[in-house]
Amino acid sequence: MTDVHPWRRYLGLALVTASILALQITFTRIFSIMIWHHFTYLVIGVALLGGGASGTFLAVRAWPAATIERRLGKLVVLYSLVVLLNLAIISSIAIDPLRGSQIVQTLVGLAVYFTGLFTTFFLGGLIVSGVFTLWHKESHRLYFADMLGAGVATLAIVWVIHSIGGPATIVLTALLTLAGSLLFGVPLGQRWRIGVAVLGIGQMALLGWLLSGTPVHLPVPGSKELGWAQRHFNTLPEYTRWNPVGRVDVMPTIQVKEPMIVGGISKVYLASDDFQRASLYDLKLVTLDGTSMTGMYRFDGTEEDLQRFRFLDHAIISAPYQMGLKHNTTLKIGVGGGLDILLARLYGAQQITAIELNADVVHLLNGPYREFSGNLAGHPSTRIIVAEGRSFLTRDTATYDLIQGIGLDNLVALSGGAYVLSESYLYTVDSFALILNRLNPQGVFAWTRNVDQPPREMLRITALAAEALRQRGVSNPAAHIAIVANDIGTQATLLVSPSPFPPAAIVQLRQWADANGFTMLHDPFRQLDTAYTEYLIAPDARAFEASYPFNIFPVTDDNPFFYNYFKWSNLTFDQAFTGKINRFPIGNLILIAMFGFSLATATAFIIAPLWKHQRRGLRSPAARPMLVYFSALGAGYIFVQIVLIQRFTLFIGYPTSAITTTIFSMLLFSAVGSLLSRRLIDSAARLRAALIAVVIAIGVYIVALPPLFQSFLHLPDTARMALSVVIIAPLALLMGMPFPTGLRQLGAHGAELVPWAWGMNGVFSVVGSTLVIIISMASTFTVAMACAASFYAVAAAAAVGLYRRVVLRAERTAVPIETKVSV
């Protein structure tokens, strides 16, 4: 082995672990666009599985140090090559999991995706395990470099993706990993050196080609609006930009006679002479992550041209403007292509404030499409703010006559259950209560959503509004709510006011609805025969929710799974369920399938090989407490990590930023904890004390996080991210101590058990990554965190068993130690 300075090994390891984490996040973003976001959990599970399986492989194969040294450089080269192979796979294989007719193609495609990802993370795990095995005497410093590299990657990768896009990021990751192979100082034969040079030149050329502006067009399923638009118009996006919130795509200009808007236009108007005389509209379709389609209409900015948009008089999204109420000050949640702003301008709003989570959507109106959209963002009446809705409403003290949200999610995805695993802090009782607090006494909150049969989505939105009103002391929420649906019964607008609606306003709303063929789903002055009225006047809302076939109970910040409509006790499919696609509980079933898949693959790739080849170690008297200890740590760590990601999504506001900030903080401070543990924990009593401290800390976080978030949610984005790191640090530091301490103890007195320790920790990390979501959805995040505390309590009870001396004679084998990198 070439004698190299230790810092080169640390840097090389940091590059490899950084690439592993970077790939997890990059593929998470890419799968959010290519498939649906719930398949991003596949990336997490496969990454954990690949890491665990690699440690098992080395333990079973028992490679001596000389063999590892000879193969380490080759493994890095193969890893870099397989990373590129994954790019080729995702660029050429298209699947659509929401199309039942393509189920075979979907399963085959997912199998190919899984094979590519598993091979990638398996090779990455072998490299990390090999480094720890070769230089095991430096394990604590290597562990710190491992965690630091992964932690830095979680922060940097988001901005790298933003700057160069997902495909180019994959190529850059492969190139940097290849460079890392030169830092370990391991020998490579002449052919391999030539191969490395050729591969490196090829990767640099490919990266340069991508950066020159030649994009890789990832396949998008037809069930997503972008996929539909590409196929329907036989063209590709003219503008694409990646960012931490989602990829923005703009399609080339099309001309439409019938305007494309959420809820559509009344058929009464479409049959009128006014519509027949209207000119064609120039329209650019805009999508976020391939979905949430909105339209950007050509507008010259003049009041005269604004009158061309009078078709909005005949759309349900204009319902709040048809009641004769004041709407001088208007807040729009979501900007889209600017139609929301045009709507407010058309009806004479004097002050328009629009908040948008995605900065690149605002950039469209301020930058490349400023002239096309009539400089909507630059109008004196309009103020556009890049912010997360909850955060803005918390720090903004102004009140408004109207607060409106229009179609913020993809209605097709919602119909198919594609968003079941997604939490949304806009759709909670806490959020609606905040919105009501930002309305003037006679103000109106309007939300346009999907309508289905039996009612579920709009009914749940109604439940949120009713519960928020009850929390304000309103005894009869029915008098504060009106709902009007379009003429085909597919979308409706919910209208809510802090004060009871005046009769005159409802009379005007009825007249407008009747003139357009719209339907009142709830009228505060009439007892309609609808599920909405039945729910709002029910003497016991909780009893109504419990007996209803779908989940419609009002969700809170502690259980923000608004889209989880199907009850676990009733995952059935009924042809009578109506909507754009079949009402099938695909999200729930995918979650169950992922749990079974995780359990089966973890057993096949980790437990089975260990049982076959390393069973001798289980004869040790320390085997039982070891299995319990490391299994509990694996489940406990991943439970805390995923719940904190979910919790900090509310506080930070941007899901991707919440993921990266949480993972960075946990990795960094867990690494610090591992360094400190060598000095601080030297006995069973101290190890148990550290674990009890983790249990207590988790309890403190359960109680303290909600009021902390409420107190500091008004801070700017950067300040909230920095504060998040500070908040996570103490718990992560404590959680970083038990694992390396347990490994060190096993290495000293029971080396045969080390493979089992890694294996069981990996199994419960893989299975726990899905189980924690199931528990959170079925109960609350608080319950999931309490489960994590119980896992650490079990580990504390088992810790003393690790300090029993092992009498069995250990064979001289290389003991793999791998990285704990999990999302």
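The figures follow:
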| read-out | value |
| --- | --- |
| Cα convex hull of region 428-568, projected area averaged across orientations, nm² | 8.1 |
| The chain - share of DSSP beta bridges that are antiparallel (%, nearest 5) | 60 |
| Accessible area per residue, Å², region 87-214 with all protein chains present, probe 1.4 Å | 42 |
| Highest to lowest packing among 447-453, 195-201, 546-552, 56-62, scored as the average C-beta count within 10 Å | 447-453, 56-62, 546-552, 195-201 |
| Rounded to 5, the percent of DSSP beta bridges in region 207-362 classed as antiparallel | 75 |
| Potential extension, VAL104-ARG71 segment - 0.36 nm per residue separation minus Cα distance | 8.0 nm |
| Estimated inter-spin distance, TRP159 and ASP300, nm [label 7 Å along Cα→Cβ] | 4.4 |
| Positive-end residue of ALA513, THR556, PRO502, charge dipole of region 459-581 with Cβ unit charges | PRO502 |
| Helical contribution to [θ] at 222 nm, DSSP H n ≥ 4, -39,500 (n - 2.57), averaged over the chain, rounded to 500 | -18500 deg cm²/dmol |
| Inter-centroid distance (Cα atoms) of region 351-373 relative to region 295-337, Å | 16 |
| Nonlocal amide H pairs with TYR400, under 5 Å, H built at 1.01 Å | LEU439, ASN440 |
| Share of carbon and sulfur in the accessible heavy-atom surface of the chain [1.4 Å probe, %] | 61 |
| Full-stretch length increase - GLN276, ILE592 - with 0.36 nm per residue and alpha-carbon distance subtracted | 108.6 nm |
| Inverse of mean 1/r across different Cα pairs in region 20-91, Kirkwood, Å | 13.9 |
| Two-site FRET efficiency, THR397 against ILE488, from Cβ-Cβ distance with R₀ of 35 Å, rounded to 0.05 | 0.30 |
| Helix runs (DSSP H) in the chain reaching 30 Å along axis by Cα, Kyte-Doolittle at least 0.0 | 6-34, 40-61, 65-92, 103-134, 139-164, 190-211, 623-652, 655-680, 684-712, 754-778 |
| All-pairs alpha carbon distance profile, the chain, 20 Å steps from 0, percent | 15, 46, 30, 9, 0 |
| Test item: Cα-centred dipole of region 441-573, Lys/Arg +1 and Asp/Glu -1 on Cβ, debye | 140 |
| Estimated inter-spin distance, GLN527 and TYR239, nm [label 7 Å along Cα→Cβ] | 5.4 |
| Residue-normalised accessible area of region 262-365, given per residue in Å² at a 1.4 Å probe | 33 |
| R0 of 35 Å, Cβ-Cβ distance VAL198-LYS137: FRET efficiency to nearest 0.05 | 0.45 |
| Hull-based mean projected area of region 55-179, where the convex hull spans the alpha carbons, in square nanometres | 9.6 |
| Tail beyond 25 Å, pair distance distribution of region 621-723 (Cα, percent) | 31 |
| Region 628-667: C-alpha pair distances exceeding 17 Å, % | 32 |
| Evaluated over region 249-342, the Cα radius of gyration and Dmax, each in Å | 13.8, 38 |
| Label point at SER381 placed 7 Å out along Cα→Cβ; residues across region 297-340 whose backbone nitrogen lies under 12 Å | 302-304, 306-307, 327-330 |
| Projected-area average for region 229-275 over all orientations - Cα convex hull basis, square nanometres | 4.8 |
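The values are calculated or read from the model by the stated rules, or taken from the named source; none is laboratory data. Just so it is clear, the model here is predicted, and its values are computed rather than measured. Heads up, the Cβs are rebuilt from the backbone with ideal geometry, glycines too, and the neighbour counts pull from every protein chain shown. Just the protein is used for accessible areas: all its heavy atoms, side chains included, with ligands, DNA and RNA removed. Shrake-Rupley method; radii C 1.70, N 1.55, O 1.52, S 1.80 Å.
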